[in-house]
Amino acid sequence: MPISKRFCHDNLTNYGYGRIVASLHRPKLMSPDALKTSDHRQHPEDSTLKIGYAAMLHRCWPLTNNPDECFTFERAFFMESEREFMEIPEELRFENLSGSIPDVHRERLAGLWNKVLQIQAQWQNAIRKLLDDWSRAPKTTDLSAKDALEQTAIDVQSKFQRATAAVISDPAKIQKNLAERVQQFLRREERPPTNWWEKPLTDFERWKITEADSRESLYKKDKDYFAALRLYYELLLEKPRDSAELKMQKATREEIAAAKARPPILPLDHPLRGEILTRLRMLYALDSLRQGISYAKGAHHEQKQKRVRDAEGVPYIFHPAEAAGSLYYDVVPFLVANDDIPKHLSMPVELEMLAALHDLAEDTELSSEYVIHNFVKPRANRPDTSINQLIISGFDIPSEKFRKRYELLKGRQLTNLTKALAALSKNEPMSERQFQSAIQQNIFGAERTMSILQPTADSAAAGTDKSREPNKTMKRFPIPPQEEIAENLGSNKDFFKKIDRLIIYSASFLEQKREHPIYYMTMLVKMADTSHNIATQRNLGLVRRCKKLFPTTLRLLPWLLFEHDHQRFPLYNALPRLYEETMKEYEALLNDLPEYEIDELQKAKSPDEGRKIVQRYKWIHSEAETHLALLKSWGHRPELQRKELPERFQKIDARAKKAA
C-alpha cells in the first residue's frame with residue numbers, strides 16, 4: 001500500500017520525541033454531563049491532536065525532571081526508570097572499567113566510549129535548545145488557539161501553555177486577527193503600529209520553523225543516544241563464541257582454538273555484568289516503547305476514523321501509549337529480572353512494540369504485514385551511520401552478521417509481531433493452518449466457532465471436530481442469548497464475537513512451540529488494552545460500558561484464570577490490573593444505573609414504554625450483580641494478587657509512588 005512522504009516523516013517527527021508514554025497525563029476530571037457539553041468536541045480535531053502531542057512531549061524526561069508532574073505512579077515509574085537507565089552511572093564509565101578490559105579490546109571500546117560521550121553531549125544540547133525555544137515562544141493573537149487551550153480536556157502545564165498556543169496557532173488566522181486590530185485603530189483614528197503586517201508575522205513564523213526543527217533534531221539525537229548506549233553495553237558483555245556455534249559455522253580447529261584463547265571484554269565473573277545486562281534489557285524495552293509510540297502516532301494521525309477518543313477528548317494515541325505504559329510497569333520488570341524464561345521473552349522488545357501498535361491494523365487501512373515489514377522494520381533498525389561503523393565484534397564475527405545481533409527487532413521477532421498484530425485485529429483472516437487448528441480445538445462449540453471464523457466454502461467442508469466437546473470453562477460461563485441482549489440493551493451487535501475470535505485465534509498459536517511467544521504477547525496486550533478501555537469508559541453510554549464489561553467477565557477473565565498456563569506464561573500484574581478495573585467499573589455501573597433509568601423514564605411517551613424501561617433495567621441490574629458476585633468469588637485466587645516488583649526495581653517504584 002502506498003504511503004505518503006508526509007505520513008512517513010512529518011508525523012513521526014512533528015511532535016515526535018519518542019519516549020512519550022511517561023509524558024501522558026490524566027485528562028482534566030470531567031463529569032459525564034460536562035464532558036457531553038464540553039467544547040472539546042466542537043473544536044477541529046487538529047487542535048486537540050496538536051495540544052495532546054505537545055502535552056505528551058512536555059512531560060518527557062529530561063524535558064521535565066519532576067515526577068510530581070506525573071499523575072499516576074505508573075507514569076512516574078516510567079519517568080524514574082528513564083532517569084535510572086538513561087544516565088550512565090560512574091562505575092560503568094569506560095575510565096572506571098578499562099582496568100578490567102583486556103588490551104586486545106581496550107582501544108576499540110575506548111573509541112566507542114568517546115562516540116557515546118559525543119552523542120550524549122549532542123542530545124543534551126538538543127534538549128536545552130528545545131527548552132530555550134519554548135521559553136521564547138511569542139504571544140499568539142490566534143483567538144481560536146487560545147480558546148482551544150482553555151476548553152480542551154487535556155491538562156497542559158502552565159509553564160508550557162504559551163509555547164503550546166504558539167505551536168497550534170494558524171499564521172493565516174494571526175494575520176486576519178491583526179487586520180481586525182488595524183481596522184479598530186482606524187475607526188478610532190489612531191495610527192497602527194509600523195509594519196504591523198510584516199514584523200509580528202515574520203517573527204512568529206521564524207519561531208515556528210525554529211521550534212519544529214528543534215523537535216525534529218531532538219527526536220534524532222534521542223534515537224542516536226539510545227543506539228550508542230545500547231551498543232556500549234552490548235559490547236561490554238560480548239564473550240567468545242562457544243564451540244558448538246563455531247562448529248555450526250564450519251570453523252577450523254585453529255579458528256576454534258583462537259576464539260577460545262581470546263578473553264571476554266569483561267571477565268565472566270565481573271561483579272557488574274549483571275547490572276549491565278539489566279540496564280541493557282531496560283534500554284531495549286525503553287527504545288522499543290518510544291519508537292513504537294512514535295510510529296503509532298504517525299499512523300493514527302492519518303486514520304480516517306475519529307482521531308480523538310470520545311471517552312476523554314484526547315488524541316487516540318493516548319490509548320495505546322497508556323496500554324504500553326501499564327505493561328511497562330506490570331510486566332517488563334519481571335521479564336527483565338527473570339533469567340529462567342527464554343531470551344526472546346526476557347527482552348520484552350516485542351511486547352512493548354506490539355502494545356504501541358495494537359490498534360493500527362484495525363483502525364487504519366494498513367495491514368499488519370505492511371505495518372511491521374514496510375513501516376517498522378526499516379526504521380527501528382537504522383542507527384546513525386557513524387554508530388554503524390563502530391558495530392565491530394571483538395571475536396571475528398563477520399560485520400554484517402554482528403550488526404544483525406545488535407538490531408532492535410530481528411527476523412523471528414518481526415514475524416511474531418506480524419502474527420500477533422493480525423490476531424488483535426478483527427479484520428485480518430487466519431492462515432489455513434491456524435484455521436484448521438481452530439476448528440479442531442472447537443473451543444466454543446461447532447456452530448459458534450464456524451460463525452466466528454466465517455470460513456470459505458472449501459475450509460467449511462472440513463468442519464469442526466464434532467467428537468470433541470467444547471471447552472469446559474466456556475461452558476461453565478454461558479453468555480446471555482443474543483435476543484436478550486438485543487431486547488434489553490437495544491443493540492443487535494454480538495458483543496462477544498470479537499473476544500471469542502481473539503481467544504480462538506490466539507489459542508491456535510499454542511499448537512506450535514515456536515509460536516508460543518505470539519500467544520503470550522497477544523494475551524498480555526489484550527489485558528492492557530481492555531484494562532485501559534474499561535478504566536476510561538465511564539463517560540460513555542450504558543450500552544458501550546456493557547459491551548466491554550460482559551465479554552471481559554464471561555470470556556476473557558475465565559480463559560485467563562482457568563485455561564491459561566500461568567507456569568509457562570506468567571501474567572504478573574497485568575491480570576490483577578484487569579480484574580481490579582473490571583470490579584471497579586461494575587460497582588460504578590451499578591451505582592449509575594438508577595440515573596440512567598430515571599433519564600430514560602423521563603423521556604418515555606407512554607406507560608407501556610415506561611414498563612418496558614423498568615423491565616430492561618431490572619435485567620441489566622440482575623446481570624451486573626451476577627457478574628460482580630462472580631468476580632468477587634474469584635478474588636482469593638493467587639493469580640489475581642499483585643506481585644511485589646523485583647528487588648532491582650523497588651527503589652524506582654518507591655520514588656515513583658512518593659512523587660505520584
Notebook entry, point to check: To the nearest 20 debye, what is the magnitude of the charge dipole of the stretch 517-624 about its Cα centre, counting +1 on the Cβ of each Lys and Arg and -1 on the Cβ of each Asp and Glu?
Noted result: 260 debye
Item checked: Mean shadow area of the stretch 479-594 over all directions, Cα convex hull, nm² -> 7.5 nm²
Next item on the list: Would you give the gap between the C-alpha center of the stretch 56-106 and the C-alpha center of the stretch 587-621, rounded to a whole Å?
Entry: 54 Å
Note to self: Normalised radius of gyration for the stretch 281-428, please: alpha carbon Rg relative to 2.2 N^0.38 Å, two decimal places.
What the structure shows: 1.11
Notebook entry, point to check: Hey, if we sort VAL104, VAL543 by accessible area with the 1.4 Å probe, largest down, what's the order?
Noted result: VAL104, VAL543
Check: Can you pull the Kirkwood radius for the stretch 267-367, inverse mean 1/r over Cα pairs, to one decimal in Å?
Finding: 14.8 Å
Check: What net charge is computed for the residues neighbouring ILE613, neighbours being all others with C-beta under 15 Å from the C-beta of ILE613, Lys and Arg scored +1, Asp and Glu -1?
Finding: -1
Margin query: How much length would be gained if the chain were fully extended between PHE477 and ASN381, taking 0.36 nm per residue of separation minus their Cα-Cα distance, in nm to one decimal?
Written below: 30.0 nm
Checklist line | Signed unit charges on C-beta, dipole axis of the stretch 501-615, positive-most listed residue GLN567, ILE613, ILE504 | finding: ILE504
Checklist line | Whole-Å distance, taken between Cα centres, linking the stretch 554-572 and the stretch 289-334 | finding: 25 Å
Notebook entry, point to check: Highest mean first, what order results for 287-297, 220-230 on Cβ atoms within 10 Å?
Noted result: 287-297, 220-230
Next item on the list: Could you tally the net charge around LEU589, taking each other residue with its Cβ under 14 Å from the Cβ of LEU589, Lys/Arg +1 and Asp/Glu -1?
Entry: -2
Checklist line | Cα-based equivalent ellipsoid, the stretch 586-660: semi-axes from gyration tensor eigenvalues, Å | finding: 44, 17, 5
Checklist line | Inter-probe distance in nm under a simple model that places probes 7 Å from Cα toward Cβ, at LYS497 and ARG83 | finding: 4.9 nm
Next item on the list: Net charge near TYR232: determine it from the other residues with C-beta under 12 Å of the C-beta of TYR232, scoring Lys and Arg +1 and Asp and Glu -1.
Entry: +3
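The values are calculated or read from the model by the stated rules, or taken from the named source; none is laboratory data. None of the values given here were measured: they were computed from a predicted structure. Cβ atoms come from the backbone with ideal geometry, glycine included; neighbour counts cover every protein chain shown. Surface areas here come from the heavy atoms of the whole protein model, side chains and all, with no ligands, DNA or RNA. Shrake-Rupley method; radii C 1.70, N 1.55, O 1.52, S 1.80 Å.
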